[in-house]
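Before I ask anything, let me first share the structure, which is written out below as structure tokens.
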Amino acid sequence: MRQSKLLFKTQKTLPKDEVAVNAQLLIRANFVHKLMAGVYSYLPLGFRVREKVMEIIREEMNALGAAELLMPSLQPKSAWEASGRWEGLQKIMYQFKDHSGRDVGLGVTHEEIVALLAQGIIDSYADLPKYVYQIQAKFRDEPRAKSGILRGREFTMKDMYSFHADEKSLEDFYEKAKKAYTRVFERCGLKSYVTEASGGDFSKSHSHEFMVETPAGEDETYLCRLCGFARNKEIADFKKGERCPTCTAGVLEKVTTVEVGNIFKLGTKFSEAANLNFKDKEGTLKPVVMGSYGIGVERLMGTIVEVHHDERGILWPETVAPFTIHLLLLGEASEELQKFADGVYHEFEKAGVEVLFDDRMKVSAGEKFYDADLIGLPWRAIVSEKTMVQGKIEIKKRNESGSKTVKAKEFIAEIKQ
Ligand code: ATP
Ligand code: MG
């Protein structure tokens, strides 16, 4: 992609109310644009990161045997009445009347909707288990949308739902989902802790949250670094310096974390409300056992920024970077130099290396370096008169200070390994 063609101009001023590091960096570098508190547009650079994060999630959910579908945001009150949550969620759900006086709302989550649609499909033990997921917009009237894209009023959630004949089947899948979630976050460059948490308004039993350590988080977690035991402070009753209850060797630390994912054993709460039953082998009618599993796509993206940045800008992990390499054309480019730079750009493109080519004219070298560090692609390559005479480019990693001068072809071979 040519930077001259990108909707891009480094922002020097920020919205006054934007205090979160993730949003400050993402706004300055033109990844996102803030429309109002908790509502953001994703510009071409941000769009690409979001796509990559979603693709990682998709791969891991597909590997679990889950099938992707899509449910609507606009929902009738009637879908929410049986579970009793229409009233319960009043404070956070956007609820209103349409022009014909019908009560409708924008979905905050989809347990009710998925149970209703499965009700017409699942009717025998032979139909179970089944797993479905979507990557879809959620709306929540969050009272404190101050964490940038970590807490949106409109945001994207990957929500998966599982249907089982019994608790044992749910238990098995739940454990597999835990591993898949941990892999998703790892592939995004994040260490996550599987954290015991409250069941929320879903169930009496506990749920598991996936916590990433960062001062930007809104949660507090007791953590044992030795064995990885983690419990949300909301349900923990530990004293300072207490030993870990599972390994007993480690000492618990209270750390600030952000919840990037959350999984629940729902039991039969929503299937009973939606009349989602199945006939077992003996022909007895039983409610389907359900689980639900969420990941916040933009929250995950924002957490990556919170964890991977320095004073100059973002440091994207290669797996989610909008492009792999930032190619900078420096100096008053002669026709010959422009041609050379174009050649290198095409060589990268042809080799399938994702490249952002800063081909902007009348932009100083200093500005280009500044923007490159802010945008934070994993690699930076410079083309100048000096490198051209050798037929080479100067390569540097975003997180290292040393550089080396190599032929484009050699570098391509290196990163393709
Ligand atoms: P929180 O406690 O942070 O408000 P939650 O427990 O209400 O989140 P869930 O209903 O469990 O969230 O949603 C599943 C996932 O969706 C969360 O783990 C989080 O990653 C993401 N998520 C929830 N609310 C938001 C939001 N307002 N903006 C962005 N992502 C969110
Ligand atoms: Mg949660």
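The values are calculated or read from the model by the stated rules, or taken from the named source; none is laboratory data. Please read all numbers here as calculations on a predicted model, not as lab measurements. Backbone-built Cβ (ideal geometry, glycine too); neighbour counts: all protein chains shown.
Is it true that residue 300 is touching a Leu at 6+ places or on another chain (Cβ under 9 Å) and not β-branched (Val, Ile, Thr)? Before you say what the answer is, go through the steps one by one.
Numbers: touching a Leu at 6+ places or on another chain (Cβ under 9 Å): yes; not β-branched (Val, Ile, Thr): yes.
So residue 300 passes the test.
Now a separate question. Just to be sure before I move on: is residue 339 among the basic types (Lys, Arg) and over 21 Å from residue 312 (Cβ atoms) in the structure I sent?
Working: among the basic types (Lys, Arg): yes; over 21 Å from residue 312 (Cβ atoms): yes.
When the stated conditions are applied, residue 339 passes them.
Follow-up. Can you spot a residue in the range 277-292 that is away from ligand 2 (no atom under 16 Å from the Cβ), buried (at least 22 other Cβ atoms within 10 Å of the Cβ) and not assigned by TED's automatic domain parsing to the domain that holds residue 167?
no
State whether one or more residues within the range 245-263 are closer than 28 Å to residue 171 by Cα, among the charged types (D, E, K, R), surrounded by 17 or more Cβ atoms within 10 Å (Cβ to Cβ) and within 16 Å of ligand 2 (Cβ to nearest atom).
yes
Additional query: Working only within the range 151-195, note down all residues that are more than 24 Å from residue 65 (Cβ to Cβ) and either surrounded by fewer than 18 Cβ atoms within 10 Å (Cβ to Cβ) or within 16 Å of the chain's Cα centre (by Cα) (or both).
Taking the range 151-195 as the starting set, the residues that turn out to be more than 24 Å from residue 65 (Cβ to Cβ) are 151-155, 189-191, 193, 195.
Correct list: 151, 152, 153, 154, 155, 189, 190, 191, 193.
Also: Quick one: in the range 12-53, which of the residues that are among the polar types (S, T, N, Q) and surrounded by 14 or more Cβ atoms within 10 Å (Cβ to Cβ) is nearest to ligand 2 (Cβ to nearest atom)? It would help to see each step written out before you state the result.
Pass one, the range 12-53, residues among the polar types (S, T, N, Q): 13, 22, 24, 30, 41.
Narrowing further to those that are surrounded by 14 or more Cβ atoms within 10 Å (Cβ to Cβ): 22, 24, 30.
Values: 22: 19, 24: 25, 30: 30 Å.
So, considering only residues that are among the polar types (S, T, N, Q) and surrounded by 14 or more Cβ atoms within 10 Å (Cβ to Cβ), the one nearest to ligand 2 (Cβ to nearest atom) is 22.
Keeping to the range 202-250, report how many residues are within 16 Å of ligand 1 (Cβ to nearest atom) and part of a strand (DSSP E or B).
Count: 13.
What pairs can you find where one residue is in the range 148-166 and on the phi < 0 side of the Ramachandran plot, the other is more than 12 Å from ligand 1 (Cβ to nearest atom) and of a type in the set (D, E, K, R), and their Cβ atoms are less than 6 Å apart, with a gap of 6+ or different chains?
163/130
Looking at (1) away from ligand 1 (no atom under 16 Å from the Cβ); (2) part of a helix (DSSP H, G or I); (3) over 16 Å from the mean Cα position of the chain (by Cα), find the lone condition where residue 80 falls short.
Condition (1) is where residue 80 drops out.
In the range 188-206, which residue that is modelled with pLDDT under 95 and among the hydroxyl-bearing types (Ser, Thr, Tyr) is nearest to ligand 2 (Cβ to nearest atom)?
It comes out as 198.
Please work out which residue is farthest from ligand 2 (Cβ to nearest atom), limiting yourself to the range 145-187 and to residues that are farther than 24 Å from residue 23 by Cβ and among the hydroxyl-bearing types (Ser, Thr, Tyr).
169
Do we have residue 254 as of a type outside the set (A, V, I, L, M, F, W, C), closer than 26 Å to residue 139 by Cα, outside any loop (DSSP other than H, G, I, E, B) and away from ligand 1 (no atom under 13 Å from the Cβ) here?
Answer is no for this residue.
Select from the range 56-79 the residues that are more than 16 Å from residue 156 (Cα to Cα) and free of Cβ contacts under 8 Å to residues at least 40 places away in the same chain and write down the one among them that is surrounded by the most Cβ atoms within 10 Å (Cβ to Cβ).
Among those that are more than 16 Å from residue 156 (Cα to Cα) and free of Cβ contacts under 8 Å to residues at least 40 places away in the same chain, it is 75.
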